[in-house]
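Take a look at the structure below.
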Amino acid sequence: MEIEIFFRFYKQLMGGSHLISHDDNGIEIQVYCSMIACLLINLWTGSAPNKRTFEMISYYFQGLASEEELLAHIEKQKRAAEAKAAKSESAKNL
């Protein structure tokens, strides 16, 4: 079951539905690169990456979004995560 969840995450969020190479080594490299990117996004943003964050980072590297726009998006995601955690904590206290 866990492998199915991983591949769903990989295909939907990390763009794993399009293979760069059909060679075993090429597929392995693509999967490892995607996993490393996911972990780096998690370290940088402090939360699990979502599709919108991945898109914003992609836009930044393509020159379609400025650094200020990217940082604003990450801050917005952090505030949303904090609000969700606070809401969850207040629900536990009731």
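The values are calculated or read from the model by the stated rules, or taken from the named source; none is laboratory data. Treat the numbers as computed from the prediction; the structure is a model and nothing was measured. All Cβ positions, glycine included, derive from the backbone under ideal geometry; neighbour counts span all protein chains shown.
Structure summary
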| item | result |
| --- | --- |
| Every residue from the stretch 49-64 that is small (Gly, Ala, Ser) and either under 17 Å from residue 37 (Cβ atoms) or in contact with an Asp or Glu (Cβ under 8 Å, 6 or more places away or on another chain) (or both) | 58 |
| Residue list for the stretch 23-52, filter: part of a loop (DSSP other than H, G, I, E, B) and modelled with pLDDT under 85 | 46, 47, 48, 49, 50 |
| Unique residue being more than 13 Å from the chain's Cα centre (by Cα), part of a helix (DSSP H, G or I) and among the charged types (D, E, K, R) when the list is 89, 55 | 89 |
| Positions within the stretch 26-70 being loosely packed, with under 13 Cβ neighbours inside 10 Å, out of contact with any Phe, Trp or Tyr (no Cβ under 8 Å at 6 or more places or on another chain) and farther than 24 Å from residue 8 by Cβ, in sequence order | 61, 62, 63, 64, 68 |
| Residues of the stretch 2-22 that turn out to be acidic (Asp, Glu) and not in a helix (DSSP H, G or I), as a count | 0 |
